[in-house]
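The values are calculated or read from the model by the stated rules, or taken from the named source; none is laboratory data. Because the structure is predicted, anything quoted here is derived from the model rather than measured. Glycine also receives a Cβ, built like all others from the backbone with ideal geometry; neighbour counts cover every protein chain displayed. Calculation scope for accessible area: heavy atoms of the full protein, side chains included, ligands and nucleic acids excluded. Shrake-Rupley method; radii C 1.70, N 1.55, O 1.52, S 1.80 Å.
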Amino acid sequence: MAAEVLAAAGLRVTVFDAMPSVGRKFLLAGRGGLNLTHSEAREAFLGRYGARRPQLAPMLAAFGPEGLREWAHGLGIETFVGSSSRVFPTEMKAAPLLRAWLARLRAAGVQFAVRHRWRGWASPPQSAGGHALLFDTPAGERIVHADAVVLALGGGSWAKLGSDGAWVPLLRAAGIEVAELLPANCGFDVGRRADDGQGARLPGWSAHFAERFRGQPLKSVLARFTAADGTVHERAGECLISATGIEGGLIYALSAPLRDTIVAQGTATLHLDLAPGRNLERLAAELARPRGSRSLASHLQSQAGIKGVKAGLLRECLAKADFADPARLAAGIKSLPLTLVATRPLDEAISSAGGVRFAAVDAHLMLRARPGVFIAGEMLDWEAPTGGYLLTACFASGLAAGRGALHWLGDAPLTPAAAGTGSP
């Protein structure tokens with residue numbers, strides 16, 4: 001996005017990428033259908049950015065969901081509003097959009113240099129040509145001089161696609177404040193009670209439960225928990241049993257407060273309502289009916305609609321005595337406690353929180369400590385849930401950084417390369 005802005009103004013632009021090809025994480029985002037943005041009302045949309053709403057709102061006002069859809073249409077990519085008001089390309093795939101975009105950038109004169117891994121600034125950091133950037137390439141070390149630089153190196157998740165967070169120590173060494181990268185839109189590990197009478201907890205599910213139910217969806221549940229700051233979070237949806245805990249859309253939507261609660265308290269207790277369509281009293285009465293010769297599993301299924309993974313989860317999390325008491329069993333079904341003890345590793349997360357603090361950049365996303373260097377995308381200290389919110393803010397911040405660089409270059413003397421003559 002930054003390259004598009006600068007090339008449209010007639011400047012010479014090169015995009016450097018550490019990977020053998022560009023847009024690899026963008027392609028991964030579209031693997032299950034590229035969720036470009038979201039069509040909900042503006043206030044609700046902005047609310048998805050939490051504490052970073054004030055910083056992101058101006059960028060999203062300049063390039064928000066409608067602007068993003070129009071931009072895609074300009075590339076020949078039609079879009080539609082799907083389930084839950086999410087917006088997708090008609091073909092659902094990321095590759096056609098990326099191909100059209102790269103073709104347009106190349107036609108505008110943008111150059112691409114792949115297998116160029118940025119290693120920071122050459123010494124001295126400033127040169128007559130502006131910024132001296134140090135790259136590792138297959139041909140060896142290369143120094144590139146530029147009048148303005150936009151860093152869009154991603155967060156710290158899915159390192160094999162390029163966003164490995166290796167830039168964090170480079171910026172910190174340059175005196176730039178960077179908040180620790182943390183998992184966002186991530187899964188969690190559970191801790192189960194040990195049968196030692198001491199209240200100890202063991203990591204992960206029991207071997208039996210994990211072997212039988214790993215990878216199975218937990219549908220039509222309601223999740224509720226109280227965060228460390230006292231805020232009660234509640235959300236309905238579905239999630240997935242993982243090898244060591246729980247993940248999926250419902251969990252990703254709650255991952256930020258769950259993560260922060262674990263950081264503050266050591267654990268977070270998530271309560272699952274496995275039968276949200278039934279009230280507690282009715283459920284207890286139905287479970288209290290005589291079951292005769294039927295097994296408990298058959299009784300649970302016929303009286304409460306509980307079977308499969310939900311039944312397995314009850315047996316995993318409740319004490320044996322709870323199954324003999326209809327009131328306690330009903331309470332467990334309506335509010336089954338899962339103790340979450342850790343996030344899954346950062347590299348497994350869909351996205352990351354943390355990054356360059358907004359106090360370190362000005363209104364144009366330029367580093368205060370490095371005039372002429374701009375920051376965009378997940379490198380900045382913000383997070384958002386999945387559902388198109390991540391991509392929309394990345395697009396918007398790229399556009400803002402490009403406009404910021406253009407604004408700064410308008411007040412700075414250009415080298416022949418930046419002015420459109422000479423070699424980049």
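Details
- Verdict on Ala376 being under 29 Å from the mean Cα position of the chain (by Cα), under 30 Å from Gly402 (Cβ atoms) and touching a residue at least 24 places away in the same chain (Cβ under 8 Å): yes
- For the range 1-52, residues that are assigned to a helix (DSSP H, G or I) and buried (at least 16 other Cβ atoms within 10 Å of the Cβ) total 14.
- Any chance Ala179 is modelled with pLDDT of 95 or more and in a helix (DSSP H, G or I): no
- Within the range 302-331, the set of residues being open to solvent by 50 Å² or more (accessible area, probe 1.4 Å) and in a helix (DSSP H, G or I) comprises Ser302, Arg315, Lys320, Ala321, Ala324, Ala327, Arg328.
- Matching residues, the range 332-365, being surrounded by fewer than 18 Cβ atoms within 10 Å (Cβ to Cβ), free of Cβ contacts under 8 Å to residues at least 60 places away in the same chain and touching a helix residue (DSSP H, G or I) at 6+ places or on another chain (Cβ under 7 Å): His364
- Candidates in the range 236-266 are the residues that are more than 20 Å from Gly204 (Cβ to Cβ) and assigned to a strand (DSSP E or B); of these, the one that is most open to solvent (accessible area, probe 1.4 Å) is Glu238.
- Set side by side, the residues Ala264, Ala319, Ala253 differ, and just one is under 22 Å from Gly50 (Cβ atoms), at pLDDT below 95 and out of contact with any Ser or Thr (no Cβ under 6 Å at 6 or more places or on another chain), which is Ala253.
Results for (1) on the phi < 0 side of the Ramachandran plot; (2) aliphatic (A, V, I, L, M); (3) without any contact (Cβ under 8 Å) to a residue 40 or more places away in the chain, shown as yes or no for each residue.
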residue	(1), (2), (3)
Ile241	yes, yes, no
Leu254	yes, yes, yes
Leu258	yes, yes, no
Ala264	yes, yes, yes
Ala284	yes, yes, no
Arg289	yes, no, yes
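- Candidates in the range 305-331 are the residues that are out of contact with any helix residue (DSSP H, G or I) (no Cβ under 7 Å at 6 or more places or on another chain) and of a type in the set (Lys, Arg); of these, the one that is nearest to Arg278 (Cα to Cα) is Lys310.
- Whichever residue in the range 282-301 is surrounded by 13 or more Cβ atoms within 10 Å (Cβ to Cβ) and part of a loop (DSSP other than H, G, I, E, B) and, among such residues, is modelled with the lowest pLDDT: Arg291
- Annotation for the range 141-152: at least one member residue is crowded, with 16+ Cβ neighbours inside 10 Å, of a type outside the set (Val, Ile, Thr), within 23 Å of Arg357 (Cβ to Cβ) and over 23 Å from the mean Cα position of the chain (by Cα).
- Identity of the residue in the range 267-281, touching a strand residue (DSSP E or B) at 6+ places or on another chain (Cβ under 7 Å), farther than 17 Å from Thr343 by Cα and assigned to a loop (DSSP other than H, G, I, E, B), that ends up least open to solvent (accessible area, probe 1.4 Å): Leu274
Conditions (1) under 22 Å from the mean Cα position of the chain (by Cα); (2) modelled with pLDDT of 95 or more; (3) hydroxyl-bearing (Ser, Thr, Tyr), marked per residue:
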residue: Leu170; (1), (2), (3): no, yes, no
residue: Pro183; (1), (2), (3): yes, yes, no
residue: Leu202; (1), (2), (3): no, no, no
residue: Arg212; (1), (2), (3): no, yes, no
residue: Ile241; (1), (2), (3): yes, yes, no
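- Hits in the range 75-123 - residues which are of a type in the set (Gly, Ala, Ser), open to solvent by 60 Å² or more (accessible area, probe 1.4 Å) and touching a residue at least 40 places away in the same chain (Cβ under 8 Å): Ser84
One line per residue, one yes/no per condition, for (1) under 30 Å from Pro257 (Cα atoms); (2) open to solvent by 20 Å² or more (accessible area, probe 1.4 Å); (3) assigned to a helix (DSSP H, G or I); (4) at pLDDT below 95:
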| position | (1), (2), (3), (4) |
| --- | --- |
| Thr392 | yes, no, yes, no |
| Arg403 | no, yes, yes, no |
| Leu406 | no, yes, yes, no |
| Ala418 | no, no, no, yes |
| Pro424 | no, yes, no, yes |
